[in-house]
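Single-structure report; data block below.
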Amino acid sequence: MSEGNKQNKKSSDSFSKYIRKVFGLTEITDSQREYIEKLEHELESAKGKLSTREEKEMIRAMLSESLQAVISQTLCKTKDGSGRVAAHEIMIGTSAIRNLIREAKVAQMYSAIQTGNSVGMITLDQNLTDLVKRNMISPAEARSKAKIPENFPG
């Protein structure tokens, strides 16, 4: 193996270790889209300033292949005021989600999550609706946490 190949392998190995570290972290974000964008930014920072479109595409491809699921949550006040309950959003790394990441169409992920109930995905607003129906939180509390507050009149 040439000296240049050894250096590239070493650089690639350290970058791979960093990626595993990033994917193992718990991030605080308000949405799946924000989480994916934050991961992309972290990966770009790890590699240094990415100057080419090909490098950015490589990062998105690596991210799409590595992602298994993203779960985000927010705490809501219970309707009776006795405590808090978690409202969550779950995005599974389906082929559709992976494709949206690869193609840099993260803005469309919300729609994919909305229609992905059969594989275990749920949007925050869908979960908030369920919590309101189960009388665990008030519509006002749901509205204050919702992505689309107009879905929770009252």
Next item on the list: Tell me, yes or no, whether the range 8-29 has at least one residue that is open to solvent by 60 Å² or more (accessible area, probe 1.4 Å) and either within 19 Å of Ala112 (Cα to Cα) or at pLDDT 60 or above (or both).
Entry: no
Checklist line | Count of the range 132-154 residues which are open to solvent by 70 Å² or more (accessible area, probe 1.4 Å), in a loop (DSSP other than H, G, I, E, B) and free of Cβ contacts under 8 Å to residues at least 24 places away in the same chain | finding: 3
Margin query: Out of everything in the range 124-154 that is modelled with pLDDT of 95 or more and of a type in the set (Val, Ile, Thr), what residue ends up being nearest to the chain's Cα centre (by Cα)?
Written below: Thr129
Note to self: Tally up the residues in the range 53-109 that are open to solvent by less than 60 Å² (accessible area, probe 1.4 Å), free of Cβ contacts under 8 Å to residues at least 40 places away in the same chain and among the hydroxyl-bearing types (Ser, Thr, Tyr), please.
What the structure shows: 2
Notebook entry, point to check: Consider Thr129 against the criteria (1) of a type in the set (Val, Ile, Thr); (2) outside any helix (DSSP H, G or I); (3) open to solvent by 40 Å² or more (accessible area, probe 1.4 Å): it satisfies all of them except one. Which criterion is unmet?
Noted result: (2)
Notebook entry, point to check: Within the range 116-125, can you find the residues that are open to solvent by 60 Å² or more (accessible area, probe 1.4 Å) and touching a helix residue (DSSP H, G or I) at 6+ places or on another chain (Cβ under 9 Å)?
Noted result: Asn117
Next item on the list: Kindly list the number of the only condition in (1) in contact (Cβ under 8 Å) with a residue 12 or more places away in the chain; (2) of a type in the set (Gly, Ala, Ser); (3) not in a helix (DSSP H, G or I) that fails for Ala112.
Entry: (3)
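The values are calculated or read from the model by the stated rules, or taken from the named source; none is laboratory data. What you see is a predicted model; the values in this text were computed from it and never measured. Neighbour counts are summed over all protein chains in view; Cβ atoms, including those assigned to glycine, are modelled from backbone coordinates with ideal geometry. We work out accessible area using only protein heavy atoms, side chains counted, and drop any ligands, DNA or RNA first. Shrake-Rupley method; radii C 1.70, N 1.55, O 1.52, S 1.80 Å.
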